[in-house]
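Read through the structure below, which is laid out as structure tokens, and then see the notes.
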Amino acid sequence: MNVSVVLFTSDLRLHDHPPLRAALDGAREVVPLFVRDRAVDGAGFATPNRLAFLSDCLRDLDAGLRERGGRLVVRSGDLVAQVCRVAAEAGADEVHLSADASAYAHRREERLRHALEAEGVRLHVHDAVTSAVAPGAVTPSASDHFAVFTPYFRHWSDQRLREPLAAPRVVRVPHGVGSEDLPAYRGVSEGLAAGGETEGRRRLTSWLEHGIDAYEDRHDDLAGDATSRLSPHLHFGTLSPVDLVQRARAAGGRGADAFVRQVAWRDFHRQLLAARPAASGTDYRTRHDRWRTERTAREDIEAWREGRTGYPVVDAAMRQLRHEGWMHNRGRLLTASFLTKTLYVDWRIGARHFLDLLVDGDVANNQLNWQWVAGTGTDNRPNRVLNPVTQARRYDPDGAYVRRWVPELAGIEGPAVHEPWKLPGRDRAAVDYPDPLVELSEGLARFKRARSHG
């Protein structure tokens, strides 16, 4: 065998890349290929923030390949047609691809397999590249997937992970395979983080040395910002989940255990979505909700998007999202609960807004976390409501997170910042900040009425 093609998708790295290693082991030359898929663009997933991060990832991947004597081939259009075209130009016998969890990824794989087989080219799909434990690798005895996290995590923890692969030393790319220029995009969020494998590995090393030990105790600290911020790199595959879990376990301790558990949640959602693809847009477990929509709650929804709800911790998190294209996980829970439970707005509206801005906007994690909060997913307490004031006092006790992102309230000292509507008349009048959209008790009563009559 002389030539293979490696199709990069959500695995934009050189370290621990099984498809690339398999292609290099079986062929004299390899075409590293990335296709700007027209179908992904048309589905609304190619948003400015993720495109900007993607640009960084592709530039870094190309630079890494060039250091090894190769280069990245970039094409755009219909993915299947472009892969077949490149395989024909290179005279390739095989194409290697990482498995993925979404319904679109499954359809893409089948279309690609049929098209390549018609040309006499074999498709090899590799598991456990974008997940630590592949969807379907562990299942309960009576179902095709786990619907509860705790038993899933127990089985997930028992799995023997493969050893991470080193990055290749040499990559030989055949001459004559043309490439478009590397894309260059700008995000809409001013504070967007940089992408690419080099940056991802730097962040991981720093996190393991300086952050992971305190993770168990500080991961909910909104102002402390003590999370890893590695989620965009997992989404784009500039970090290997297998490598990340192995290195975290090697670090040891309560912080590492808690962090690995969060990686397992990611795999949990991926196995759930792989088994129930419709859950990306429909209730996993319906509560027969009659949600308020864009038509019936337009002003409330817009205030939530803009961070003008009158609840400071909710508004702070929404403004962080707009500025950074990222939000603290505790903030994600609070803002989602406020939209779905306090305002009783359809979870899909919130999930879409998050996907519009989040650089780590992963369909499985985003949609299924939204469903968990909305009570239509896997939460065994579907009617739980997070009180934003109580949560703010617990996770932002002195108001530092709120004052960072809601400058209108910067002059209010201490925890009083979480309830500015309680300020004395003159002080309240001096603050340019809206009154709450709804009283929490009123929102809770509306939600309970709606669920009881659903």
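The values are calculated or read from the model by the stated rules, or taken from the named source; none is laboratory data. Given the structure is predicted, the values throughout are model-derived calculations rather than measurements. So basically every Cβ, Gly included, is an ideal-geometry build from the backbone, and we count neighbours across all protein chains shown.
At-a-glance table
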| quantity | calculated |
| --- | --- |
| Count of residues meeting criterion [of a type in the set (Val, Ile, Thr) and free of Cβ contacts under 8 Å to residues at least 40 places away in the same chain] in segment 89-114 | 0 |
| Long-range neighbours under 6 Å by Cβ, at least six apart or interchain, first residue surrounded by 17 or more Cβ atoms within 10 Å (Cβ to Cβ) within segment 121-145, second in a strand (DSSP E or B) and of a type in the set (S, T, N, Q) | HIS126/SER98; VAL129/SER98; THR130/SER98 |
| Exclusive hit being within 26 Å of GLU190 (Cα to Cα), touching a residue at least 12 places away in the same chain (Cβ under 8 Å) and surrounded by fewer than 16 Cβ atoms within 10 Å (Cβ to Cβ), set ALA410, ALA400 | ALA400 |
| Of the criteria (1) at pLDDT 95 or above; (2) under 29 Å from LEU51 (Cα atoms); (3) buried (at least 23 other Cβ atoms within 10 Å of the Cβ), which one PRO388 fails | (2) |
| Of residues in segment 1-45 being at negative phi, acidic (Asp, Glu) and touching a residue at least 40 places away in the same chain (Cβ under 8 Å), the one surrounded by the most Cβ atoms within 10 Å (Cβ to Cβ) | ASP11 |
| Flag for LEU116 being within 23 Å of PHE45 (Cα to Cα), modelled with pLDDT of 95 or more, surrounded by 15 or more Cβ atoms within 10 Å (Cβ to Cβ) and more than 23 Å from the chain's Cα centre (by Cα) | no |
| Subset of segment 413-443 that is modelled with pLDDT of 95 or more and of a type in the set (Val, Ile, Thr) - its residue that is nearest to HIS323 (Cα to Cα) | VAL417 |
| Hits in segment 96-134 (condition: under 22 Å from TRP156 (Cα atoms) and among the β-branched types (Val, Ile, Thr)) | VAL125, VAL129, THR130, VAL133 |
| Filter result for the condition that a residue is buried (at least 21 other Cβ atoms within 10 Å of the Cβ), more than 30 Å from ILE349 (Cβ to Cβ) and outside the structural domain of ARG330 (by TED's automatic domain parsing), over PHE259, PHE268, PHE236 | PHE259 |
| Index of the failed condition, THR150 passing every other in (1) hydroxyl-bearing (Ser, Thr, Tyr); (2) surrounded by 20 or more Cβ atoms within 10 Å (Cβ to Cβ); (3) farther than 27 Å from PHE34 by Cα | (2) |
| Yes/no for THR286 being over 22 Å from the mean Cα position of the chain (by Cα) and surrounded by 24 or more Cβ atoms within 10 Å (Cβ to Cβ) | no |
| Only one of THR342, THR335 that is out of contact with any Pro (no Cβ under 7 Å at 6 or more places or on another chain), of a type in the set (Ser, Thr, Tyr), assigned by TED's automatic domain parsing to the domain that holds ALA445 and touching a residue at least 40 places away in the same chain (Cβ under 8 Å) | THR342 |
| Some residue of segment 4-19 being under 20 Å from LEU165 (Cα atoms), among the aromatic types (Phe, Trp, Tyr) and within 19 Å of the chain's Cα centre (by Cα) | yes |
| ARG154, sole failed condition from (1) farther than 20 Å from ALA264 by Cα; (2) free of Cβ contacts under 8 Å to residues at least 24 places away in the same chain | (1) |
| Residue within segment 84-95 that is over 21 Å from ALA27 (Cα atoms) and in the same structural domain as ARG13 (by TED's automatic domain parsing) present | no |
| Residue tally, condition out of contact with any Asp or Glu (no Cβ under 6 Å at 6 or more places or on another chain), part of a loop (DSSP other than H, G, I, E, B) and hydrophobic (A, V, I, L, M, F, W, C), over segment 292-343 | 3 |
| Checking VAL177 against (1) in contact (Cβ under 8 Å) with a residue 40 or more places away in the chain; (2) in a helix (DSSP H, G or I), the condition it does not meet | (2) |
| Within segment 166-210, tally of residues that are of a type in the set (Ser, Thr, Tyr) and in contact with a Ser or Thr (Cβ under 7 Å, 6 or more places away or on another chain) | 1 |
| Condition met for VAL35 (part of a strand (DSSP E or B) and either modelled with pLDDT under 95 or under 21 Å from VAL171 (Cβ atoms) (or both)) | yes |
| Hits in segment 46-84 (condition: among the hydrophobic types (A, V, I, L, M, F, W, C) and surrounded by fewer than 17 Cβ atoms within 10 Å (Cβ to Cβ)) | ALA46, ALA63, ALA81 |
| Of all residues in segment 395-452 being assigned to a helix (DSSP H, G or I) and among the acidic types (Asp, Glu), the one that is nearest to ASP300 (Cα to Cα) | GLU442 |
| Residues of segment 288-317 satisfying the condition of being touching a Ser or Thr at 6+ places or on another chain (Cβ under 6 Å) and either at pLDDT below 95 or under 22 Å from THR376 (Cβ atoms) (or both) | VAL314, ALA317 |
| Candidate set from segment 125-160 (those that are within 22 Å of the chain's Cα centre (by Cα) and of a type in the set (Ser, Thr, Tyr)); member that is nearest to LEU112 (Cα to Cα) | THR130 |
| Single condition THR238 does not satisfy, out of (1) under 28 Å from VAL148 (Cβ atoms); (2) under 20 Å from the mean Cα position of the chain (by Cα); (3) not in a helix (DSSP H, G or I) | (1) |
